[in-house]
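One structure is given here, and the rest of the page talks about it.
We did not get these values from a lab; they are worked out from the coordinates using the rules stated. Remember, predicted model here, so these are calculated numbers, not experimental data. No Cβ is skipped: glycine too gets one built from the backbone with ideal geometry, and neighbour counts run over all protein chains shown.
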Amino acid sequence: MLSAKYIDVHTHQNHTTDQSIIAIQNAESSFISSISSSLYYSYGIHPWRILDGHIDEKLNHLYTLASQNQIVAIGECGLDKAIDTPFEVQQQVFQQQINLSKTFKLPLIIHCVRAYSEILALRKKFPEGCWIIHGFEGNETLAKQLISKNMHLSIGSALFNPKSKISRSIEHISILRLFFETDDRNIYSIQEIYEQASKLLGLNSDDLKVQIFRNFVACFQMQINDP
Ligand SMILES: [Zn+2]
């Protein structure tokens, strides 16, 4: 077994210097000229960004990145009922990204606000591939519904809030379905998030790290070389 690294499955920060972490960095639209082979990127059309610029251009850009193997996942993308962008438009754009994830066999990193029933319905239509709900903070019932549809849940700094639903529901989530992330917050490092999760799960932190690494290799179909 290769030595397991920490997986930060969704971040907006740059982790190039820390060799103990594999980070999937959310690429901002201008990143293409600065792409580096030492980092993994995801790219997608976030529901908040649908209305800035031409959607076809962005989809073409995404297609190009995926076809040139410059990204390892599509996202973040998804559905958000707390914004003004018409929901039907959001659904169209999301569905096009689901199609691309199928075409290129790339995982989807999903942003979901108050639209879980729609995500579950879409998953029924598209049961294949690795779908990761990022920033998951839901309760046990919702977690179990998503997991029963073969989805993964990525959890971040909410684990440090003892009043958060996720700090109580995490123990009901199979570790085969878990990921962790720093997202756009840098209060806690990915190592601290793993540490907190292993406390809440009552698990040895090395065992947790190995399992999450396995989830990553399986989900992203990665060939990882030991440095
Ligand atoms: Zn994010």
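Under a 5 Å amide H cut-off, with hydrogens placed 1.01 Å from N, ALA23 pairs with ASP8, TYR40 among residues at least 5 apart or on other chains. Past 26 Å, Cα to Cα: identify those pairs from LYS125/LYS209; LYS81/LYS163; LYS81/LYS125; LYS102/LYS199; LYS81/LYS105; LYS144/LYS209, in the order given. From LYS125/LYS209; LYS81/LYS163; LYS81/LYS125; LYS102/LYS199; LYS81/LYS105; LYS144/LYS209, over 26 Å: LYS125/LYS209; LYS102/LYS199; LYS81/LYS105. The Kirkwood hydrodynamic radius of region 43-138, based on inverse pair distances between different Cα atoms, is 13.3 Å.
So what's the projected area for region 111-227, the Cα convex hull averaged over all directions, in nm²? Before the final figure, lay out each step's value.
Working: hull surface 31.0 nm².
About 7.7 nm², averaged over all directions.
Subtracting the Cα-Cα distance of ALA218 and TYR116 from 0.36 nm times their residue separation leaves 34.3 nm of extension gain.
Assuming 0.36 nm per residue, please report the length gained on full extension of the stretch LYS163 to HIS12 beyond their Cα-Cα distance. Write out the running numbers ahead of the final one.
Working: separation 151, 0.36 × 151 = 54.36 nm, distance 2.55 nm.
Gain on stretching LYS163 to HIS12: 51.8 nm.
A simple spin-label model places pseudo-atoms 7 Å from Cα toward Cβ; at SER67 and GLN211 they are separated by 4.1 nm.
Considering only ILE166, ILE74, ILE55, the Gaussian network model of the chain with Cα springs below 10 Å gives its largest mean-square fluctuation to ILE55.
Please list log₁₀ I(q)/I(0) at q = 0.26 Å⁻¹ for region 110-156, using the Debye equation with identical point scatterers on the alpha-carbon positions. Each listed q corresponds, in turn, to -1.03.
For the peptides 103-116, 174-187, residues were scored by their other Cβ atoms within 10 Å and the scores averaged per peptide; the highest-first order is 103-116, 174-187. What the Kirkwood sum gives for region 6-220 is a hydrodynamic radius of 17.4 Å, with every pair of different alpha carbons counted. Projecting the Cα atoms of SER157, GLN97, TYR63 onto the charge dipole of region 6-220, computed from C-beta unit charges around the Cα centre, puts GLN97 farthest toward the positive end.
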